[in-house]
1. Would you tally the residues in the stretch B:26-42 being within 20 Å of B:Met80 (Cβ to Cβ) and not in a strand (DSSP E or B)?
2. Quick one: would you say A:Ile69 is open to solvent by 20 Å² or more (accessible area, probe 1.4 Å), more than 13 Å from chain B (Cβ to nearest Cβ) and either part of a strand (DSSP E or B) or closer than 27 Å to B:Glu9 by Cα (or both)?
3. On the basis of being within 11 Å of chain B (Cβ to nearest Cβ), surrounded by 13 or more Cβ atoms within 10 Å (Cβ to Cβ) and in contact (Cβ under 8 Å) with a residue 24 or more places away in the chain, does A:Ser89 make the cut?
4. Return the residues of the stretch A:35-54 that are over 16 Å from A:Thr80 (Cβ atoms) and within 10 Å of chain B (Cβ to nearest Cβ); say none if nothing qualifies.
5. Among A:Thr112, A:Thr104, which is over 23 Å from A:Ser25 (Cβ atoms), at pLDDT 90 or above, outside any loop (DSSP other than H, G, I, E, B) and not charged (D, E, K, R)?
6. In the set B:Leu99, B:Leu73, B:Leu54, which member is free of Cβ contacts under 8 Å to residues at least 60 places away in the same chain and under 28 Å from A:Met33 (Cα atoms)?
7. Please give the strands (runs of 3 or more DSSP E) falling wholly within the stretch B:48-108 in which 2 or more residues are within 14 Å of chain A (Cβ to nearest Cβ).
8. Within the stretch B:1-30, which residues are over 22 Å from B:Ala50 (Cα atoms), open to solvent by 60 Å² or more (accessible area, probe 1.4 Å) and not aliphatic (A, V, I, L, M)?
Amino acid sequence: GAVVSQHPSWVICKSGTSVKIECRSLDFQATTMFWYRQFPKQSLMLMATSNEGSKATYEQGVEKDKFLINHASLTLSTLTVTSAHPEDSSFYICSASSEYGGYTFGSGTRLTVV
Amino acid sequence: GQSLEQPSEVTAVEGAIVQINCTYQTSGFYGLSWYQQHDGGAPTFLSYNALDGLEETGRFSSFLSRSDSYGYLLLQELQMKDSASYFCAVRPYNQGGKLIFGQGTELSVKP
């Protein structure tokens, strides 16, 4: 079946630094990539939607300059958390969709900012 | 906008049957999906209802009634490994294919 590889699975960084999270679709073309953030005991909150070759569409309240999303190819999308602060500590999950529909989730990235 | 409400917690014993409800307010969507998520893991797809009625997939069944703005996930013959969070989700019309999740229900299965 469809597989999305997400890296890193966990990362600890210092406050003020930037962190890049990658999601790769291994056996299909991800025409659309969705990025979610999940705080403990809470739901998955959609941050942004990106289509290959286009600028991402951010949900209300999500800072596009802080959460940079790149979807330069049909198999790779990246989320960069810039100038991370402790309040950005969260579980970040990507989800890829192909032209045939369906959603395949990455395994998630646990970000801890100290 | 869309909102999907679920009970925050449900507890049941091994071998029992449990129903997790999802009530929603949304202008229109393609179907209702259910996902399971274990602690620290990614959501995994369980079931999907495009039309009203019951869909059965092994021990899991899901139901949708658009007229009642309501759906549920039914888990039978509960096992300890079913302890997880369960989310309903919808894909609204004309919103770029995004999936909107409910608040999630934490299921605890006791021996």
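The values are calculated or read from the model by the stated rules, or taken from the named source; none is laboratory data. No experiment lies behind these values; they were computed from the predicted model shown. Cβ sites come from the backbone with ideal geometry, for glycine too, and all protein chains shown count toward neighbours. Ligands, DNA and RNA are stripped out before the accessible areas are found, and what is left, the full protein with its side chains, is counted by its heavy atoms. Shrake-Rupley method; radii C 1.70, N 1.55, O 1.52, S 1.80 Å.
1. Looking only at the stretch B:26-42, we keep the residues that are within 20 Å of B:Met80 (Cβ to Cβ), and these are B:34-41.
With the extra rule that they be not in a strand (DSSP E or B), the set shrinks to B:38-41.
The total comes to 4.
2. Values: open to solvent by 20 Å² or more (accessible area, probe 1.4 Å): yes; more than 13 Å from chain B (Cβ to nearest Cβ): yes; either part of a strand (DSSP E or B) or closer than 27 Å to B:Glu9 by Cα (or both): yes.
It is true that A:Ile69 is open to solvent by 20 Å² or more (accessible area, probe 1.4 Å), more than 13 Å from chain B (Cβ to nearest Cβ) and either part of a strand (DSSP E or B) or closer than 27 Å to B:Glu9 by Cα (or both).
3. Details: within 11 Å of chain B (Cβ to nearest Cβ): no; surrounded by 13 or more Cβ atoms within 10 Å (Cβ to Cβ): yes; in contact (Cβ under 8 Å) with a residue 24 or more places away in the chain: yes.
Considered against the rule, which asks whether it is within 11 Å of chain B (Cβ to nearest Cβ), surrounded by 13 or more Cβ atoms within 10 Å (Cβ to Cβ) and in contact (Cβ under 8 Å) with a residue 24 or more places away in the chain, A:Ser89 comes out as no.
4. From the stretch A:35-54, those over 16 Å from A:Thr80 (Cβ atoms) are A:38-46, A:49, A:51-54; that's our starting set.
A:Gln38, A:Pro40, A:Lys41, A:Gln42, A:Ser43, A:Leu44, A:Met45, A:Leu46, A:Thr49, A:Asn51, listed by residue number.
5. Details: A:Thr104 fails: over 23 Å from A:Ser25 (Cβ atoms).
Only one candidate qualifies: A:Thr112.
6. On the way: B:Leu99 fails: free of Cβ contacts under 8 Å to residues at least 60 places away in the same chain; B:Leu54 fails: under 28 Å from A:Met33 (Cα atoms).
That would be B:Leu73, the only listed residue that is free of Cβ contacts under 8 Å to residues at least 60 places away in the same chain and under 28 Å from A:Met33 (Cα atoms).
7. Details: elements: B:53-57, B:60-65, B:70-75, B:84-92.
The strands (runs of 3 or more DSSP E) meeting that bar are B:84-92.
8. Passing the criteria: B:Ser8, B:Glu9, B:Thr11, B:Glu14.
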